[in-house]
Amino acid sequence: MKTLARYLSLYAAMWRNSVTREMSFKLNFVLWIVVELLWFALQLVFMSVLYSHTDSIAGWSKWEVVMLVGCANFIQQLFTAFFLTNLTDISEHIRTGKLDFMLLLPVNTRFLVSLRKVDLGSYINSACALAVMAYAAWRLDFTPTAVQVAGFAVMALAGLTVHYSLMFLLVTTSFWTVRAQGVVYGYYNLFNIARLPDSAFPRGAFKAFFTFGLPMLLVSNVPVKVLLGKLGSPWEMAMLAGMAGACLGVSELVWRWSLRHYTSASS
């Protein structure tokens with residue numbers, strides 16, 4: 001409990017520092033929120049255009065897909081709020097030697113490099129995504145039960161863990177390539193696949209890869225299916241939870257192996 005309290009205290013201090021930094025550039029803070037909301041709105045408009053020509057896509061109605069897009073954006077914005085800036089900074093920490101200093105601190109280095117900064121604007125955008133999901137539920141005349149909401153929260157957390165673990169795994173290439181921002185942002189752009197119903201994709205190599213290799217089709221589809229009662233099998237929940245645990249474990253092993261081969265920026 002003392003260790004947990006210590007890390008919560010450290011995170012609170014990093015949170016306060018992030019608030020101070022964000023408020024130093026208020027216009028940039030507001031503009032970034034606006035840009036993200038506009039991109040979210042464009043995704044919703046795109047789906048509206050599709051459904052102006054059909055009533056259903058692979059068994060998903062318009063407002064069910066709107067809920068799916070909202071869920072995908074909710075998980076993406078939470079990932080951005082907690083992790084994106086920190087993960088993209090790791091290659092700079094390695095290149096400039098800041099990682100050497102972090103390794104000397106009496107705190108878990110992965111905790112520090114993963115959560116050092118907070119993107120406050122993304123919390124606002126994630127709240128907007130939840131509001132869109134609530135509106136979609138209202139249009140569907142659907143009120144989820146407490147069990148469905150709890151299941152959604154657990155599966156959304158598992159999806160967030162998958163995204164964090166896979167991108168952290170990609171970032172470890174910085175120990176050899178020095179700069180890995182291109183790889184990181186390339187993965188981030190693949191988030192767009194998560195806003196599409198998995199049943200819309202025919203069986204084949206593409207669907208298999210984005211289900212088991214890079215499980216983009218699981219991270220938002222499974223939480224929404226739990227919420228809407230569209231889950232075909234409980235194995236989908238087990239698969240997402242298993243993928244989250246496996247990705248987190250592999251990323252930790254690769255991180256430790258990378259640190260053992262790290263010889264500092266001055267070498």
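Okay, here's what the table says:
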{"quantity": "Choice from ALA208, ALA81, ALA194 with maximal GNM fluctuation in the chain (Cα, 10 Å cutoff)", "calculated": "ALA208"}
{"quantity": "Difference of contour (0.36 nm per residue) and Cα-Cα distance, GLN43 to VAL149", "calculated": "35.7 nm"}
{"quantity": "Environment charge of VAL107, counting only residues whose C-beta is closer than 12 Å and scoring Lys/Arg +1, Asp/Glu -1", "calculated": "+3"}
{"quantity": "HN-Hα J in Hz across the stretch 158-164 - Karplus 6.51, -1.76, 1.60, θ = phi - 60°, x for Gly and Pro", "calculated": "5, x, 4, 5, 4, 4, 4"}
{"quantity": "Structure-based [θ]222 nm, the chain - -39500 (n - 2.57) summed over DSSP H runs of at least 4, per residue, nearest 500", "calculated": "-23000 deg cm²/dmol"}
{"quantity": "Whole-number percent relative contact order across the chain, with pairs defined as alpha carbons under 8 Å at least 6 apart", "calculated": "26"}
{"quantity": "Sparsely packed chymotrypsin sites (Phe, Trp or Tyr not before Pro) within the stretch 11-42, loop by DSSP, other Cβ within 10 Å at most 14", "calculated": "PHE25"}
{"quantity": "Estimated FRET transfer efficiency (ASP100, LEU190; beta-carbon r; R0 30 Å; 0.05)", "calculated": "0.40"}
{"quantity": "Separation in nanometres of the label points that stand 7 Å from Cα toward Cβ, at PHE206 and LEU130", "calculated": "3.4"}
{"quantity": "C-alpha center-to-center spacing [the stretch 194-264, the stretch 39-94] in angstrom", "calculated": "16"}
{"quantity": "Separation in nanometres of the label points that stand 7 Å from Cα toward Cβ, at LEU259 and ASN17", "calculated": "1.8"}
{"quantity": "Isotropically averaged projected area of the chain, using the convex hull of Cα atoms (one quarter of hull area), nm²", "calculated": "16.0"}
{"quantity": "Dipole magnitude (debye, nearest 20) for the stretch 25-260, charges at Cβ of Lys, Arg, Asp, Glu", "calculated": "360"}
{"quantity": "Whole-Hz ³J(HN,Hα) from phi, Karplus 6.51 cos²θ - 1.76 cosθ + 1.60, for the stretch 200-211, glycine and proline x", "calculated": "6, 9, x, 5, x, 5, 4, 5, 5, 5, 8, 10"}
{"quantity": "Under 5 Å, built H, 5+ apart or other chain: amide partners of PHE142", "calculated": "none"}
{"quantity": "Karplus-derived 3J(HN,Hα), 6.51/-1.76/1.60, for each residue of the stretch 49-55, Hz, glycine and proline x", "calculated": "5, 4, 7, 6, 10, 7, 9"}
{"quantity": "Fraction of the pair-distance distribution of the stretch 86-216 above 20 Å, Cα-Cα pairs, percent", "calculated": "60"}
{"quantity": "Residues VAL35, VAL66, VAL219 arranged by fewest to most Cβ contacts within 10 Å", "calculated": "VAL35, VAL66, VAL219"}
{"quantity": "Cα-based reach from LYS230 at 20 Å (exclusive), listing lysines while leaving out same-chain residues under 8 positions away", "calculated": "LYS62, LYS207"}
{"quantity": "Longest DSSP-loop-exposure-free segment, trypsin sites (Lys or Arg not before Pro), the chain, at most 13 other Cβ within 10 Å", "calculated": "1-178"}
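Every number in this text was worked out from the coordinates using simple rules, so none of it is lab data. Note that the structure is a prediction, hence the values are computed from the model and not measured. Note that we place each Cβ from the backbone using ideal geometry, even for glycine, and neighbour counts take in every protein chain shown.
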